[in-house]
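Q: Have a look at this one.
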């Protein structure tokens, strides 16, 4: 069967930032970034499982948490310019779930992963996507289709890499290239 994703939230014109929804809560950091991403511009980080968080470096909450962020076991690097800090978290420890998120296979995430998301996520449609088989009827009604059309399908689309990509200035790009040994 061809894998077709049904994304009720996209049908309603809402994009859910998958990195922020599914990965950020796992870090258990008390300050919210401006946004999170999976990719940095044209840099090839495909063999790595990074979560990239963007912070205003003058944000008081961030400044108060910066030391804890630097010491976080998954924090690899912090890149800075005059206004922003870009923090790279290495998600290698959860690479299987990370790859499932990239594929849009939210129903196949590990039980522990689902428990963490279930305790932090407030949007009911997102939670329903973690166990789609229990929610096909409700989604089918909202989409005005028969529930069997959803059988075996994910209810939330994979990450949109255009929306999950941060574009950085030359200074930060050069810092990243040097630190990560990219060419």
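No value in this document is a laboratory result; all are computed from the given coordinates. Since the model is a prediction, treat every value here as computed from it, not as a measurement. For neighbour counting, all protein chains shown are included, and Cβ atoms are generated from backbone atoms with ideal geometry for every residue, glycine included.
Q: Within the chain, what percent of beta bridges assigned by DSSP are antiparallel, to the nearest 5? Please list the in-between numbers first.
A: Details: 15 of 17 bridges.
Rounded to the nearest five, the antiparallel share is 90 percent.
Q: Sort 31-40, 18-27 for me by packing, meaning the mean count of neighbouring Cβ atoms within 10 Å per residue, highest on top.
A: On the way: 31-40: 19.3, 18-27: 21.4.
For the peptides 31-40, 18-27, the packing ranking is 18-27, 31-40.
Q: Using Cα centres only, tell me the gap between the stretch 11-66 and the stretch 101-140 in whole Å.
A: Taking the Cα centre of each part, the stretch 11-66 and the stretch 101-140 sit 20 Å apart.
Q: What full-extension length gain, to one decimal in nm, is calculated for residue 116 and residue 56 as 0.36 nm per residue of separation minus the Cα-Cα distance? Walk me through the numbers before you get to the answer.
A: Working: separation 60, 0.36 × 60 = 21.60 nm, distance 2.64 nm.
Using 0.36 nm per residue and subtracting the Cα-Cα distance, I get 19.0 nm.
Q: Then there's this: Just want the ordering: 153, 123, from fewest to most Cβ atoms lying within 10 Å of their own Cβ. Please list the in-between numbers first.
A: Numbers: 153 17, 123 12.
Sorted ascending by nearby Cβ count, the order is 123, 153.
Q: Any idea what angle helix 111-120 forms with the longest principal axis of the chain, computed on alpha-carbon atoms, 0 to 90 degrees, nearest 10?
A: Roughly 80 degrees, rounded to the nearest 10.
Q: Now for a separate question. I'd like the FRET efficiency for residue 68 and residue 124, computed as 1/(1 + (r/R0)^6) with the beta carbon distance as r and R0 of 25 Å, rounded to 0.05. List each step's numbers first, then the result.
A: Values: r = 31 Å, r/R0 = 1.23.
Once rounded, the FRET efficiency stands at 0.20.
Q: Answer with a single label: of (i) -0.23, -0.74; (ii) -0.36, -0.80; (iii) -0.28, -0.80, which was calculated as log10 I(q)/I(0) by the Debye sum over Cα atoms at q = 0.08, 0.14 Å⁻¹ from the structure in view?
A: (iii)
Q: Related question: So, R0 is 30 Å and r is the distance between the beta-carbons of residue 45 and residue 96; what FRET efficiency does that work out to, to 0.05?
A: After rounding, the FRET efficiency stands at 0.95.
Q: Given an 8 Å cut-off on Cα distances and at least 6 residues of separation, report the relative contact order of the chain as a percent. List each step's numbers first, then the result.
A: Details: 246 pairs, mean separation 52.9, N = 183.
With pairs under 8 Å counted, the relative contact order is 29 percent.
Q: Mean residue ellipticity at 222 nm from the helices of the chain, using -39,500 (n - 2.57) per DSSP H segment of n ≥ 4 over the full residue count, to the nearest 500 deg cm²/dmol? Show your work: numbers first, answer last.
A: Details: 8 runs with 65 residues, N = 183.
Calculated at 222 nm, the ellipticity per residue is -9500 deg cm²/dmol.
Q: What FRET efficiency do you get for residue 141 and residue 15 if R0 is 22 Å and r is their Cβ-Cβ distance, rounded to the nearest 0.05?
A: Numbers: r = 22 Å, r/R0 = 1.02.
The computed FRET efficiency comes out at 0.45.
Q: Got a sec? How would 98, 92 order by Cβ neighbour count within 10 Å, fewest to most? List each step's numbers first, then the result.
A: Details: 98 23, 92 12.
So the ranking, lowest neighbour count to highest, is 92, 98.
Q: For 15, 50, what ranking results if the residue with the fewest other Cβ atoms within 10 Å of its Cβ goes first?
A: Least crowded to most crowded, the residues run 15, 50.
Q: Modelling each spin label as a point 7 Å along the Cα-to-Cβ direction, I'd like the residue 133/residue 151 distance in nm, to one decimal.
A: Going by the 7 Å Cα→Cβ label model, 1.2 nm.
Q: Figure the gain on full extension for residue 177 and residue 163 (residue separation times 0.36 nm, minus the Cα-Cα span) and round it to one decimal in nm.
A: Details: separation 14, 0.36 × 14 = 5.04 nm, distance 2.18 nm.
Contour length minus the Cα-Cα distance gives 2.9 nm.
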